[in-house]
Amino acid sequence: MCGIIGVTGEADAIPLLLEGLHRLEYRGYDSAGVAMVVEDQVWRARAATARTSVATLAELTAGAPRGHAAAIGHTRWATHGSPTEENAHPHVDCTGRLALIHNGIIENHAELRAEIEANGHTVTSGTDTEVMAHLIEEQLSGGATLPDAVRAVLRRLRGSFSIAVISADEPDTIVAACRITPLVLGLEDGMTLLASDIPALIGHTRRVYTLADDQLAVLTPGALSVMTLEGEPVEPEQRTITWDLEAAQKEGFEDFMSKEMHQQPTAVGDTLLDRRAVGGELILDEMRLTPDDLRGIDKVFIVACGSSYHAALVAKYAIEHWVKVPVEVDIASEFRYRDPVLNERTLCVGVSQSGETLDTAEAVREAARLGAKVLVVSNVVDSSMARAADGVLYTRAGPEIGVASTKCHLAQIVALEVLGLYLAQILRTQPAARVNEILNAMERLPSLVTETLARADDVDDVASKLTDARDFFFLGRHVGFPVALEGALKLKELAYLRAEGYPAGELKHGPIALIEPGAVVVGIATRNPLWEKMLSNVAEVRSRGATVVLVADDGDEESAAVADHVLRVPPTSPLLAPVVGVVPLQQLAYRLARLHGHDPDRPRNLAKTVTVE
Ligand code: M6R
């Protein structure tokens with residue numbers, strides 16, 4: 001995820017761009033750059049100094065020429081190509097007269113790159129973005145106008161994009177377009193703007209337009225025209241923004257947690273995007289660890305804390321099933337204080353949204369000291385854990401601001417399962433066709449999560465009946481167990497209610513003594529190999545007076561028959577089901593927090609990144 005901004009009709013655009021980039025930093029900040037047309041040329045500045053990229057850019061642009069025409073800016077969250085200056089946007093074509101910024105992922109970039117290199121273009125970055133600049137250059141050299149050239153190129157792209165393009169030959173024009181990733185346009189007297197989101201435009205205009213998928217906009221000073229990629233004119237829908245800055249950053253949601261829960265389909269989709277070669281096999285070339293590095297692995301250790309630990313527990317079931325190697329999952333704060341048995345044939349995976357959690361960072365450091373190969377699954381690009389590891393696999397959830405992890409948790413499960421399939425491919429423990437089949441099912445997860453999110457009213461309804469409850473037990477078996485742990489953690493940290501996550505089969509060995517009328521049992525009853533046994537455990541608590549809430553697949557009437565309340569989810573295969581099944585539990589915790597008067601974005605006693613032991 002990156003942030004983009006552009007303006008035409010403002011002769012001193014640099015302060016506006018820098019302010020906008022600063023507001024867009026939550027979308028990533030591993031590099032930042034601007035480009036503008038000035039005196040018949042494109043002037044460009046870029047900085048790649050991680051957290052300080054926008055500040056460094058401010059220094060670089062202090063002496064920039066004024067009196068410019070169209071101007072664009074970008075703040076990057078790296079996907080393709082490391083976070084270096086040469087990979088920073090804007091990218092230019094071979095003539096240097098055209099500059100382009102992009103948010104998204106171009107899935108067919110490799111074949112397009114081969115094509116333009118064969119045509120004699122020099123590609124200077126490792127990004128998936130730069131190919132677009134050269135393809136547009138080819139169209140322009142054939143006589144096309146800038147809008148026509150961009151339209152022709154966009155029709156060839158697979159993947160997601162919001163882009164903005166400027167050219168020294170059409171100095172006042174910005175051509176912008178989007179597919180899947182968002183783009184808003186703004187209009188003010190004599191000035192036209194674009195940005196990835198509304199907060200970047202606040203203070204400059206309140207008149208905004210949202211560009212729909214596969215629409216292209218031509219921005220000139222104080223004017224805007226929109227068309228489809230086929231060139232059909234479109235009347236964009238106008239909105240007047242009355243929000244202040246903080247409300248705008250939440251994009252109309254009541255809080256960041258709601259916004260981030262709604263971003264989950266995108267987080268899952270982006271984490272899966274562009275992981276497959278044309279032949280269907282998995283390629284994880286950003287990971288740094290090569291297939292040869294992984295071929296000798298005979299054991300996997302996963303270390304993590306909190307929600308990241310729960311994602312790791314889900315992955316244990318998947319990796320052991322697909323790869324047939326033992327997987328140990330450890331709470332990071334415990335790991336290095338025992339005598340873990342690891343060696344050079346062990347793959348130690350540290351899972352951390354922030355990539356800065358001290359317990360996890362120290363655990364992977366200890367694993368490296370013991371000779372293990374260390375892979376980090378991080379959401380923050382270039383985090384200290386990502387830098388120190390032998391390899392890194394990024395979840396592409398975009399920055400998570402709510403203290404309670406939601407979209408990153410889902411993205412972690414998906415990333416770890418992709419890793420499992422990759423190991424299965426390398427170690428040949430699953431046939432290629434089976435790996436493909438599972439990946440196809442994973443690609444359907446974003447729409448299943450969307451469907452589940454849309455049922456929030458049903459969850460709210462159940463939550464409203466549980467406002468007097470004080471004791472919650474979350475039970476699950478198989479992969480339902482980590483989902484239960486995550487549901488309980490969410491309820492504790494957001495609603496401050498006592499909640500135990502337990503493997504349902506273990507209840508009879510002690511905790512069942514706590515079950516009495518008034519207790520609420522939330523059971524994960526989505527279909528998995530232990531579903532029937534799970535229902536027997538549910539019967540045990542029901543007969544002792546507990547109120548039973550079950551997360552159950554659509555159409556599963558047997559589960560519904562033994563529950564007081566049912567939270568329905570669309571079914572998927574058992575090892576993928578946690579990605580969908582945890583969503584109503586997030587919503588339940590969220591709603592109970594609200595009903596008890598707590599702010600879900602600022603839970604008491606907690607911090608987003610925990611850098612103490
Ligand atoms: O940044 P990390 O993934 O390493 O953070 C780990 C935990 O601190 C984090 O998951 C925490 O448990 C969240 N508040 C859970 O919602």
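The values are calculated or read from the model by the stated rules, or taken from the named source; none is laboratory data. Fair warning: this is a prediction, and the values are worked out from it, not measured in the lab. Reconstructed Cβ throughout: ideal geometry from the backbone, glycine too, with neighbour counts over all protein chains shown. For accessibility, only protein heavy atoms count, side chains too; no ligands or nucleic acids. Shrake-Rupley method; radii C 1.70, N 1.55, O 1.52, S 1.80 Å.
Here is how the numbers come out for the structure above:
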| read-out | value |
| --- | --- |
| Residue within the stretch 529-546 that is closer than 26 Å to Ile331 by Cα and within 16 Å of the ligand (Cβ to nearest atom) present | no |
| Residues satisfying the stated conditions in the stretch 66-75, i.e. open to solvent by less than 40 Å² (accessible area, probe 1.4 Å) and either over 15 Å from Ala88 (Cα atoms) or not assigned by TED's automatic domain parsing to the domain that holds Ala13 (or both) | His68, Ala69, Ala70, Ala71 |
| Odd one out for Asn440 among (1) assigned to a helix (DSSP H, G or I); (2) open to solvent by 20 Å² or more (accessible area, probe 1.4 Å); (3) in contact (Cβ under 8 Å) with a residue 60 or more places away in the chain | (3) |
| Odd one out for Val165 among (1) under 25 Å from the mean Cα position of the chain (by Cα); (2) touching a residue at least 60 places away in the same chain (Cβ under 8 Å) | (1) |
| Pairs, first on the phi > 0 side of the Ramachandran plot in the stretch 339-359, second buried (at least 22 other Cβ atoms within 10 Å of the Cβ) and assigned to a loop (DSSP other than H, G, I, E, B), C-beta under 6 Å, six or more apart | Gly355/Val380; Gly355/Ser383 |
| Some residue of the stretch 468-488 being surrounded by fewer than 20 Cβ atoms within 10 Å (Cβ to Cβ) and not charged (D, E, K, R) | yes |
| The stretch 225-243: number of residues that are in a strand (DSSP E or B) and farther than 21 Å from Leu24 by Cβ | 8 |
| One residue from Val54, Val42, Val34 being buried (at least 20 other Cβ atoms within 10 Å of the Cβ), β-branched (Val, Ile, Thr) and modelled with pLDDT under 95 | Val54 |
| All positions within the stretch 96-122 that are open to solvent by 10 Å² or more (accessible area, probe 1.4 Å) and either assigned by TED's automatic domain parsing to the domain that holds Ala267 or within 18 Å of Ala176 (Cα to Cα) (or both) | Arg97, Gly104 |
| Residue under evaluation Gly81, criteria (1) within 24 Å of Glu170 (Cα to Cα); (2) in a loop (DSSP other than H, G, I, E, B); (3) open to solvent by 10 Å² or more (accessible area, probe 1.4 Å), criterion not met | (1) |
| Hey, Phe335 out of contact with any Pro (no Cβ under 9 Å at 6 or more places or on another chain), closer than 25 Å to His478 by Cβ and away from the ligand (no atom under 13 Å from the Cβ) or not | yes |
| Those residues of the stretch 172-193 which are among the aliphatic types (A, V, I, L, M), surrounded by 23 or more Cβ atoms within 10 Å (Cβ to Cβ), more than 14 Å from Arg23 (Cβ to Cβ) and at pLDDT 95 or above, in sequence order | Ile174, Val175, Ala176, Ala177, Leu185 |
| Filter result for Ala463 (under 20 Å from Val569 (Cβ atoms) and either among the charged types (D, E, K, R) or without any contact (Cβ under 8 Å) to a residue 12 or more places away in the chain (or both)) | no |
| Ala388 free of Cβ contacts under 8 Å to residues at least 40 places away in the same chain and of a type in the set (Gly, Ala, Ser) | yes |
| Lone unmet requirement of (1) at pLDDT 95 or above; (2) surrounded by fewer than 19 Cβ atoms within 10 Å (Cβ to Cβ); (3) of a type outside the set (A, V, I, L, M); (4) in contact with a strand residue (DSSP E or B) (Cβ under 9 Å, 6 or more places away or on another chain) for Asp93 | (2) |
| Residues of the stretch 30-48 that turn out to be in a strand (DSSP E or B) and within 27 Å of the chain's Cα centre (by Cα), as a count | 6 |
| Filter result (within 15 Å of Asp330 (Cα to Cα) and not hydrophobic (A, V, I, L, M, F, W, C)) within the stretch 341-362 | Thr346, Gly350, Ser352, Thr357, Asp359, Thr360, Glu362 |
| Residue in the stretch 393-412 that is open to solvent by 10 Å² or more (accessible area, probe 1.4 Å), in the same structural domain as Pro291 (by TED's automatic domain parsing) and in a strand (DSSP E or B) present | yes |
| Selected residue [over 29 Å from Leu16 (Cα atoms), open to solvent by 10 Å² or more (accessible area, probe 1.4 Å) and not in a strand (DSSP E or B)] from Arg151, Arg156 | Arg156 |
| Where Arg387 falls short, out of the listed (1) away from the ligand (no atom under 16 Å from the Cβ); (2) open to solvent by 20 Å² or more (accessible area, probe 1.4 Å); (3) not acidic (Asp, Glu) | (1) |
| Filter pass, Leu535 being within 15 Å of Ala488 (Cβ to Cβ) and surrounded by fewer than 24 Cβ atoms within 10 Å (Cβ to Cβ) | no |
| Condition met for Val303 (outside any loop (DSSP other than H, G, I, E, B), within 13 Å of the ligand (Cβ to nearest atom), open to solvent by less than 40 Å² (accessible area, probe 1.4 Å) and farther than 30 Å from Glu443 by Cα) | no |
| Complete set of residues in the stretch 340-376 that are assigned to a strand (DSSP E or B) and either of a type outside the set (A, V, I, L, M) or near the ligand (Cβ under 9 Å from one of its atoms) (or both) | Thr346, Cys348, Gly350, Val351, Ser352, Lys373 |
| Residue in the stretch 204-221 that is of a type in the set (Asp, Glu), open to solvent by 40 Å² or more (accessible area, probe 1.4 Å) and in contact (Cβ under 8 Å) with a residue 60 or more places away in the chain present | yes |
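Condition check ((1) open to solvent by less than 10 Å² (accessible area, probe 1.4 Å); (2) within 28 Å of Arg76 (Cα to Cα); (3) without any contact (Cβ under 8 Å) to a residue 60 or more places away in the chain) across all residues:
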{"residue": "Val314", "(1), (2), (3)": "yes, no, no"}
{"residue": "Ala332", "(1), (2), (3)": "yes, no, yes"}
{"residue": "Ala361", "(1), (2), (3)": "no, yes, yes"}
{"residue": "Ala367", "(1), (2), (3)": "yes, no, no"}
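Every residue, every condition in (1) within 25 Å of the chain's Cα centre (by Cα); (2) open to solvent by 30 Å² or more (accessible area, probe 1.4 Å); (3) without any contact (Cβ under 8 Å) to a residue 40 or more places away in the chain, yes or no:
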| position | (1), (2), (3) |
| --- | --- |
| Pro236 | no, no, no |
| Arg239 | no, yes, yes |
| Gln263 | yes, yes, no |
| Ala267 | yes, no, no |
| Leu273 | yes, yes, no |
| Glu286 | yes, yes, no |
| Asp292 | no, yes, yes |
| Arg295 | no, yes, no |
